[in-house]
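The values are calculated or read from the model by the stated rules, or taken from the named source; none is laboratory data. None of the values given here were measured: they were computed from a predicted structure. FYI the Cβ positions are ideal-geometry reconstructions off the backbone, even for glycines, and counts take in every protein chain you see.
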């Protein structure tokens with residue numbers, strides 16, 4: 001089983017509470033650039049939630065340091081000790097779910113922890129599991 005973050009764009013109101021919950025948990029500050037989830041405004045009150053689907057594996061295949069693997073719950077995680085900061089995973093991610101910022105030497109991504117889902121007032125996010133190879 002693979003744990004992942006399911007998104008329901010039709011419920012998103014663009015309040016950014018999910019972004020705040022994520023960046024607060026991992027970086028102890030509200031900064032949208034330091035959130036594993038991104039909210040894209042589509043116009044006319046519509047939004048798209050960008051987050052790793054835990055299935056693509058482009059980042060895993062591209063990483064020269066083999067620093068990306070599945071944890072016990074099946075989510076893809078970056079091993080901070082193995083990561084060499086080359087950003088190959090960031091470059092290859094087709095949806096921009098692999099994140100990086102200059103003050104943080106290691107790339108990062110959603111690990112399906114649920115912090116964003118717990119803070120979303122509209123239920124636009126939820127943690128689910130699906131069949132898949134670990």
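Do we find a residue being surrounded by 19 or more Cβ atoms within 10 Å (Cβ to Cβ), at pLDDT below 95 and farther than 19 Å from residue 124 by Cα anywhere in segment 1-11? Checked against the condition, which is being surrounded by 19 or more Cβ atoms within 10 Å (Cβ to Cβ), at pLDDT below 95 and farther than 19 Å from residue 124 by Cα, segment 1-11 yields at least one hit. Does segment 111-128 hold any residues that are under 18 Å from residue 10 (Cα atoms) and in a helix (DSSP H, G or I), and which are they? If the condition is that a residue be under 18 Å from residue 10 (Cα atoms) and in a helix (DSSP H, G or I), then 116, 117, 118, 119 are the ones that fit. The condition of being over 13 Å from the mean Cα position of the chain (by Cα), at pLDDT 95 or above and not in a loop (DSSP other than H, G, I, E, B) holds for only one of 69, 23, that being 69. Among the conditions (1) over 15 Å from residue 127 (Cα atoms); (2) more than 12 Å from the chain's Cα centre (by Cα); (3) surrounded by 14 or more Cβ atoms within 10 Å (Cβ to Cβ), the only one that residue 43 does not satisfy is (3). Go over the candidates 74, 43 one by one and state the one that is at positive phi and in contact (Cβ under 8 Å) with a residue 40 or more places away in the chain. Exactly one residue qualifies, and that residue is 74. Against the conditions (1) over 18 Å from residue 119 (Cβ atoms); (2) part of a loop (DSSP other than H, G, I, E, B); (3) in contact with a helix residue (DSSP H, G or I) (Cβ under 8 Å, 6 or more places away or on another chain), residue 85 satisfies every one except (3).
Only one of the numbered conditions (1) under 20 Å from residue 5 (Cα atoms); (2) touching a strand residue (DSSP E or B) at 6+ places or on another chain (Cβ under 9 Å) is violated by residue 58, and that is (2). Scanning segment 101-110 turns up no residue that is part of a loop (DSSP other than H, G, I, E, B) and in contact with a helix residue (DSSP H, G or I) (Cβ under 6 Å, 6 or more places away or on another chain). From the list 63, 86, 93, 59, the lone residue that is modelled with pLDDT of 95 or more, more than 13 Å from the chain's Cα centre (by Cα) and surrounded by 15 or more Cβ atoms within 10 Å (Cβ to Cβ) is 63. Candidates are the residues of segment 12-39 that are touching a residue at least 60 places away in the same chain (Cβ under 8 Å) and loosely packed, with under 15 Cβ neighbours inside 10 Å; the one that is nearest to residue 118 (Cα to Cα) is 13.
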